[in-house]
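Here it is: the structure, laid out below.
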Amino acid sequence: MSLDTRIEAVTARIIARSQGPRKTYLDRMRAAAADGPRRAHLTCGNQAHAYAAMEGDKDPLVAARAPNLGIVTAYNDMLSAHKPFEAFPERIKAAARANGATAQVAGGVPAMCDGVTQGQVGMELSLFSRDVIALAAGVALSHNTFDAAIYLGVCDKIVPGLVISAATFGYLPSIFLPAGPMTSGYPMMKRRRCARNSPQARSGARN
């Protein structure tokens with residue numbers, strides 16, 4: 001099946017228009033990759049701060065012979081989609097050790113849900129949160145102690161924000177890890193009872 005000529009023409013224009021910035025970006029990524037692992041350029045003082053909390057993993061980190069994975073997580077236990085991430089870092093660290101590597105939680109990013117904020121003032125932060133997520137992930141990886149990154153996040157704002165960060169650190173091999181099935185909320189009958197007993201419903205009944 002051939003590509004629609006209109007889509008082909010638009011694609012060609014995008015490729016031509018982005019050629020300059022794309023080349024600049026790819027050149028920067030190649031140069032960063034050629035420099036080698038980030039932590040190889042850290043001073044002893046830098047490393048002392050970076051590994052202070054890593055009991056049991058300090059020796060391989062200082063030796064810089066084992067790959068070090070940076071974990072960026074959107075875990076919280078308010079949203080069922082992100083709750084499973086609670087146990088992921090320890091599992092990732094254990095798997096890394098078993099394979100001669102190390103892993104550190106580089107940082108966390110916020111994760112919000114339109115379902116919770118729908119109809120509330122908080123829903124106005126939904127799209128803005130992607131920029132905050134990208135910045136937070138960028139801050140986490142800016143410590144330059146990682147050979148690769150693992151991003152823990154799901155949903156339509158969190159993942160795009162993480163992708164922006166992953167593109168900024170495009171010289172780091174990266175994995176995006178979903179959380180798996182999420183637990184369900186209220187069954188429909190409970191939701192109906194909840195709606196009948198809500199403050200808004202009671203207020204309407206009084207009026």
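Taking the stretch 130-145, which residues are in contact with a Lys or Arg (Cβ under 6 Å, 6 or more places away or on another chain) and surrounded by 18 or more Cβ atoms within 10 Å (Cβ to Cβ)? Steps first, answer last, please.
Here is the first cut: in the stretch 130-145, the residues in contact with a Lys or Arg (Cβ under 6 Å, 6 or more places away or on another chain) are 130, 144-145.
Within the stretch 130-145, Arg130, Thr145 qualify.
Which number in (1) polar (S, T, N, Q); (2) farther than 30 Å from Thr24 by Cβ; (3) touching a Lys or Arg at 6+ places or on another chain (Cβ under 6 Å) marks the one condition that Thr102 misses?
It fails just one condition, (3).
Next question. Residues in the stretch 164-188 that are modelled with pLDDT of 85 or more, surrounded by fewer than 19 Cβ atoms within 10 Å (Cβ to Cβ) and aliphatic (A, V, I, L, M): how many?
4
Kindly list, by first and then second residue, each pair from a residue in the stretch 50-75 that is among the small types (Gly, Ala, Ser) to a residue that is loosely packed, with under 15 Cβ neighbours inside 10 Å and at pLDDT below 80, limited to pairs with Cβ atoms under 9 Å and residues at least 6 apart or on different chains.
Between residues of the stretch 50-75 that are among the small types (Gly, Ala, Ser) and residues that are loosely packed, with under 15 Cβ neighbours inside 10 Å and at pLDDT below 80, the close pairs are Ala64/Ala40.
Quick one: how many residues across the stretch 4-29 are without any contact (Cβ under 8 Å) to a residue 24 or more places away in the chain and either touching a Phe, Trp or Tyr at 6+ places or on another chain (Cβ under 8 Å) or of a type in the set (Gly, Ala, Ser) (or both)? Outline the logic, then answer.
Filtering the stretch 4-29 down to residues without any contact (Cβ under 8 Å) to a residue 24 or more places away in the chain leaves 4-24, 26-28.
Next, from what is left, pick out any that are either touching a Phe, Trp or Tyr at 6+ places or on another chain (Cβ under 8 Å) or of a type in the set (Gly, Ala, Ser) (or both): 9, 12, 16, 18, 20.
Counting residues in the stretch 4-29 that are without any contact (Cβ under 8 Å) to a residue 24 or more places away in the chain and either touching a Phe, Trp or Tyr at 6+ places or on another chain (Cβ under 8 Å) or of a type in the set (Gly, Ala, Ser) (or both) gives 5.
Take the residues of the stretch 38-81 that are of a type in the set (Val, Ile, Thr) and out of contact with any Pro (no Cβ under 6 Å at 6 or more places or on another chain): which is modelled with the lowest pLDDT? It would help to see each step written out before you state the result.
If we filter the stretch 38-81 for residues that are of a type in the set (Val, Ile, Thr), which is where we start, we get 43, 62, 71-73.
Retained after the next criterion (residues that are out of contact with any Pro (no Cβ under 6 Å at 6 or more places or on another chain)): 43, 62, 72-73.
On the way: Thr43: 84, Val62: 80, Val72: 97, Thr73: 97.
That would be Val62.
Let's see how each residue does on (1) surrounded by 15 or more Cβ atoms within 10 Å (Cβ to Cβ); (2) under 25 Å from Ala134 (Cα atoms); (3) within 23 Å of the chain's Cα centre (by Cα):
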site: Ala34; (1), (2), (3): no, yes, no
site: Glu55; (1), (2), (3): no, no, no
site: Asn68; (1), (2), (3): yes, yes, yes
site: Thr73; (1), (2), (3): yes, yes, yes
site: Phe88; (1), (2), (3): yes, yes, yes
site: Val105; (1), (2), (3): yes, yes, yes
site: Cys113; (1), (2), (3): yes, yes, yes
site: Val116; (1), (2), (3): no, yes, yes
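Considering (1) under 24 Å from Gly153 (Cβ atoms); (2) not in a helix (DSSP H, G or I), say which one Met1 fails and leave the rest.
If we test Met1 against (1) under 24 Å from Gly153 (Cβ atoms); (2) not in a helix (DSSP H, G or I), just (1) comes out false.
Residue check: is Gly161 touching a helix residue (DSSP H, G or I) at 6+ places or on another chain (Cβ under 7 Å), modelled with pLDDT under 90 and under 24 Å from Ala87 (Cα atoms)? Don't jump to the end; show me each part of the working.
Values: touching a helix residue (DSSP H, G or I) at 6+ places or on another chain (Cβ under 7 Å): yes; modelled with pLDDT under 90: no; under 24 Å from Ala87 (Cα atoms): yes.
Spelling it out, it is not the case that Gly161 is touching a helix residue (DSSP H, G or I) at 6+ places or on another chain (Cβ under 7 Å), modelled with pLDDT under 90 and under 24 Å from Ala87 (Cα atoms).
If you go through the stretch 70-79 one residue at a time, do you hit one that is part of a helix (DSSP H, G or I) and within 22 Å of Pro173 (Cβ to Cβ)?
no
The values are calculated or read from the model by the stated rules, or taken from the named source; none is laboratory data. Only a predicted model underlies this, so the values are computations on that prediction, with no experimental measurement involved. Because the Cβ atoms are built from the backbone with ideal geometry, glycine has one as well, and the counts that use them run over all protein chains shown.
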